[in-house]
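J.: Quick one: this structure, given as structure tokens, is what I'll be asking you about.
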């Protein structure tokens, strides 16, 4: 018999997206968001939800582009910091000792020190409730070459990304590999 | 210097949502989707993207509701199976030995054996590309009571959810807890 927890945003895992944008005067900013994910395979697209009060909201509406920077566990405190403080009050890149790099595909900066970057062009905004969902087309994925496996794919064991756990509020590292998709569940006869 | 991987849906972590629905004749079905996530805090909402060709697409359009069932690592093969085979061809609940439970909040079944369940009422559909995004309002979260921590919050260490890693295609367990949100990044002066 299951216990009811009520109408809450509790599901696992949720990502930790550090979203990069420029303000209208060209100053780079980052904010952290866990409400989002991939939303389409073709065109490759990603959604991230941002409240209208956030500095990044007006930045992305004005610039039409954003980056998603995936932190490694060594960057937990930087990612958390970027979710607490506002770019209206300070330069978070400077405060965190991070280096903004201008994307040549979208009007947004990415974080040089983070291992995995997505450059996204804003395609749609969707009003849901207190959040507005930004749907971006992924124009490129960039990675530190040492984070690739022998097949040339990004290796989660090297990137060491982490998830956010709504409710108890922890950050949790990605751990062991427990299966292969489109294989673990195949019927014996297909194998 | 980062390496470009091209326009791909590669980001970590992505969730493994096993989506429950009834078809127009009341037969329960499940499918697995990793393109989705929380999309709004108020009303609490979750998005999941589904292609029009999928059996679940027509089910949810007709029923107006769906569940999201979060598997534990012991359920990797069941979750993978539900993403490979179609409910048009077979009863996946029966094939996997899973028990469908009728939600009393939405017109959809959930999986008794899975630890964490979200019951969602369809509020919007968003056309993106080859995927349609279903935005559901989360009406309730249900959990096996033994998966709660001492504070009454869901405990990821007990639920043992896992993530999907696009690109290399693995399933990865949630591992160690590496930080506390709204704390790990606080300035010393605030602490």
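J.: Once you put a point 7 Å from the Cα of residue A:104 and another 7 Å from the Cα of residue B:3, both along the Cβ direction, what distance in nm separates them?
T.: The modelled label-to-label distance comes out at 1.8 nm.
J.: For A:84, B:138, A:60, what's the fewest-to-most ordering of other Cβ within 10 Å of each Cβ?
T.: A:84, B:138, A:60
J.: How far apart, in nm, are the 7 Å Cα→Cβ label points at residue B:127 and residue A:95?
T.: Here the answer is 4.3 nm between the modelled labels.
J.: So what is the 222 nm mean residue ellipticity for the protein assembly as shown from helices alone, if each DSSP H run of at least 4 adds -39500 (n - 2.57) and you divide by all residues, rounding to the nearest 500 deg cm²/dmol?
T.: -3500 deg cm²/dmol
J.: Could you run the Debye sum over the Cα atoms of region B:35-111, one equal point scatterer each and no solvent, and tell me log10 of I(q)/I(0) at q = 0.12, 0.14, 0.16, 0.18 Å⁻¹, two decimals?
T.: -0.38, -0.52, -0.69, -0.89
J.: Could I get the Rg over Rh figure for chain A? Both from C-alpha atoms, Rh via Kirkwood, rounded to two places.
T.: Radius of gyration over Kirkwood radius for chain A works out to 0.99.
J.: Now for a separate question. Relative contact order of chain A, please, whole-number percent, based on alpha carbon pairs below 8 angstrom and at least 6 residues apart.
T.: Reported as a whole number, the value is 23 percent.
J.: Then there's this: Quote to one decimal, in nm, the extra length available between residue B:112 and residue B:74 on full extension: 0.36 nm per residue of separation minus the C-alpha distance between them.
T.: Between residue B:112 and residue B:74, full extension yields 12.2 nm more.
J.: Could you work out the Kirkwood radius for the protein assembly as shown, taking every pair of different alpha carbons, averaging 1/r and inverting it, reported in Å?
T.: Here the Kirkwood hydrodynamic radius works out to 20.7 Å.
J.: How long is the gain from residue A:52 to residue A:23 if the chain were fully straight, where each residue apart is worth 0.36 nm and the alpha carbon distance is subtracted?
T.: 9.0 nm
J.: In nm, to one decimal, how far is the modelled label at residue A:183 from the one at residue B:88, with both set 7 Å along Cα→Cβ?
T.: The modelled label-to-label distance comes out at 2.8 nm.
J.: Specify whether the C-alpha gyration tensor of region B:73-153 places it in the rounded, prolate or oblate class, a ≥ b ≥ c being the square roots of the eigenvalues: rounded for a/c under 1.5, otherwise prolate if a/b is larger than b/c and oblate if not.
T.: Since a/c reaches 1.5 but b/c is at least a/b, the shape of region B:73-153 is classed as oblate.
No value in this document is a laboratory result; all are computed from the given coordinates. It should be emphasised that the depicted structure is a prediction, and the values quoted were computed from it without experimental measurement. Quick reminder, even Gly has a Cβ in these numbers, built from the backbone with ideal geometry, and neighbours come from all protein chains shown.
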